[in-house]
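Novice: Mind looking over this structure? Questions follow.
The values are calculated or read from the model by the stated rules, or taken from the named source; none is laboratory data. From a predicted model like this one, the values you see are computed outputs, not experimental measurements. Remember, those area values only see protein heavy atoms, side chains included, never the ligands or the DNA or RNA. Shrake-Rupley method; radii C 1.70, N 1.55, O 1.52, S 1.80 Å.
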Amino acid sequence: MNSRPAYSQVAAAYAQAAGARATWLVRARNAFEVIAKTGMVGAHDRLVVYGDTVLDRCLDVHPWQNVSVVDEFTCDAFVQAGAMPHAEEVERARLVPEGSPASYAHPAGMAADRLFWLVPSVGGPQLRTADLRAFSRAAQEAGALLIVDNTLMTVYGCHPLMQGAHICIENLDAMVDAPLEEPVVAVSVARSLARRGRRHLADPRAEDAHRLLSFGFGSPDAVEPQSAPAGEDLAAIDAALDSLAARMQPRFDGANAIASYLSCHAAVGCVRYPALATHPDHLHAPTVLEHGFGPAVSFCLRGAPAESMRAQATRFAALFEEARVASAESFAAASTGESVVFDAPASAFGKTRRTHIVPIADSKTCCLRLYMGAEHPLSIVDSLDQALRLFCNPPEP
């Protein structure tokens, strides 16, 4: 009987995969909850995030007036959003005496002029891809600590810490196929020393980030911090790391094929996937992402019936699910060799996650996002084709 892996063993393995100085495995739902648990963003600090769809989740745990949301995914937009209004500068000068240290290593609310940027490696309704090296340079000039949410790409598809980020946060639901008992987030911190030839370059903000996370979650060398996940979840994460490449690469390749198919379909208005030439970040995406462009594809439908956009998207997702189940059965029956079907093995702790479609929240158009699973892309294309025909030409009642 195999014993469960130790917390330190799994955290060290994850840190090695992420190229991190250290990794904490924390029970949390998302990046905003992690930031709140550390207390790194105090009542007089500023947090800049991207995307209007995340604002509600952010304000649930950060009910302050200093959370700025940018709609343009550019470094200039983050710089402008991080600039404090004059009235806030006056109030901060009154609360924090002149000459007080402005170090990220101080407890929340005890330092002035602290600025945090939360950037997704790939995120937003259009699956925008961050030019992480450009964001790193801009954050350094602005005096910001750069936090990257790498949930969608996972540690297999992108390494933000190696491109200048100070902290990388990943919700492990995207990496682990079987549902975890509790949501778990991996929080990794960059190394503060980098070697350039014979020289060693120090990054003080990376050192400050390490201190902040140590304040919030304890020493990374602890045997098992209080916020550590349960033993069953640790075993699931450990097994997922071992099989990550075998499971994720087919999904990246499958999503690429699905995006190419959707971009040629007459019933689809637009497709957003970083591999496509029509994507706004197509040029720099290959320099940021690894092994492909991710497992998700966003697309909008045209020729929809006269009903609310949300209802349209929900109806199409239901049509696709019905078609996917039928197509998977017929495709499996018709397949005669293993070479026909992607061999994405199920991990020891559960079944592989299946392809699914979800409506994009707060969208003004009928937009959806497809998350590629372990099925063969031809099976998914067949399901999409059936769902699109039924959606555009519904049967008579």
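Novice: Roughly how many percent of the accessible protein surface of the range 120-168 is carbon and sulfur, given a 1.4 Å probe and a whole-percent answer?
Specialist: 45 percent
Novice: Hey, another quick one. Could you compute how much accessible surface ARG21 exposes when probed at 1.4 Å, giving the result in Å² to the nearest 10?
Specialist: 100 Å²
Novice: Could you compute how much accessible surface TYR7 exposes when probed at 1.4 Å, giving the result in Å² to the nearest 10?
Specialist: Near enough 10 Å² of accessible area.
Novice: Follow-up. Starting from the coordinates of the alpha-carbon atoms of the range 201-266, obtain the Kirkwood hydrodynamic radius over all distinct pairs and give the value in Å to one decimal. It would help to have the intermediate numbers written out before the result.
Specialist: Working: mean 1/r = 0.0621 Å⁻¹.
Computed over Cα pairs of the range 201-266, the Kirkwood hydrodynamic radius comes out at 16.1 Å.
Novice: Considering only C-alpha atoms, what is the centroid distance from the range 1-35 to the range 265-286, in Å?
Specialist: 33 Å
Novice: Regarding the range 125-265, what is the average projected area of its C-alpha convex hull, in nm²?
Specialist: The Cα convex hull of the range 125-265, projected and averaged over all directions, gives 11.6 nm².
Novice: Moving on to the next point. Name the residues whose placed amide hydrogens come within less than 5 Å of the amide hydrogen of ARG272, ignoring near sequence neighbours (fewer than 5 apart) on the same chain.
Specialist: Residues meeting the amide H criterion: SER298, PHE299.
Novice: Sticking with this structure for a sec: Return one whole number: the accessible area per residue of the range 117-165 in Å², for a 1.4 Å probe.
Specialist: 28 Å²
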